[in-house]
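Following: one structure in structure tokens, then a few remarks.
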């Protein structure tokens, strides 16, 4: 049987590029809303995870040196990651007035089986990462260059290859679900 080289759930990136599954901390950015007179909101995320496909990120990074513009990414997909305790209490993003998830449901959420909308990432004392919950209903596309300028101050660690594949599968499964009408 093939023995995996993956030893841990989290690791440090091997170079200066982003990876799918990179965990970021204290990421702040401005979004606009064309329907409002004051159309700017400052979003502050305690934690976030990059969801863009790793092959696209890698091609973007390597093509910059070769000037292959057709492989350049303009933005990266980022999902907020909430502290599990704050998420359970409904205090994870007070500006959004989120509902309380509840302590009873948290154990089911941790298994990553019951709720397809959410994904649990266990804590890591090595990288000072608390238990995190991703809510696939909320995500942002942020300019690639903006994220690279902030990389040194916001990057914590990366999910190892197998774990980022699970994350990618769950996210794509949630996005590709078919909404059926109430009959």
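Points worth noting:
- Just one of (1) without any contact (Cβ under 8 Å) to a residue 24 or more places away in the chain; (2) in a helix (DSSP H, G or I) fails for residue 181. It is (2).
- You will find that of 137, 108, the residue that is assigned to a helix (DSSP H, G or I), under 20 Å from residue 86 (Cα atoms) and at pLDDT below 90 is 108 and no other.
- Only a single item in (1) modelled with pLDDT of 75 or more; (2) surrounded by 18 or more Cβ atoms within 10 Å (Cβ to Cβ); (3) in contact with a strand residue (DSSP E or B) (Cβ under 8 Å, 6 or more places away or on another chain); (4) over 28 Å from residue 61 (Cβ atoms) is not met by residue 123, and it is number (2).
- Evaluating residue 132 against the criteria (1) modelled with pLDDT under 90; (2) in contact with a strand residue (DSSP E or B) (Cβ under 6 Å, 6 or more places away or on another chain) leaves one unmet condition, (1).
- Selection over segment 32-58 of residues that are loosely packed, with under 13 Cβ neighbours inside 10 Å and within 23 Å of residue 162 (Cα to Cα) gives a count of 1.
- Residue 162 in contact with a strand residue (DSSP E or B) (Cβ under 8 Å, 6 or more places away or on another chain) and at pLDDT below 95: no
- Options 61, 29; residue that is buried (at least 17 other Cβ atoms within 10 Å of the Cβ), in contact with a strand residue (DSSP E or B) (Cβ under 7 Å, 6 or more places away or on another chain) and farther than 21 Å from residue 171 by Cα: 29
- Any hit, segment 51-65, residues being more than 19 Å from residue 77 (Cβ to Cβ), free of Cβ contacts under 8 Å to residues at least 60 places away in the same chain, out of contact with any helix residue (DSSP H, G or I) (no Cβ under 9 Å at 6 or more places or on another chain) and not in a loop (DSSP other than H, G, I, E, B): yes
The values are calculated or read from the model by the stated rules, or taken from the named source; none is laboratory data. Bear in mind that the values here come from a model prediction, so they are computed numbers and not experimental data. A quick note on method: Cβ atoms are made from the backbone with ideal geometry, for glycine too, and the neighbour counts reach across all protein chains shown.
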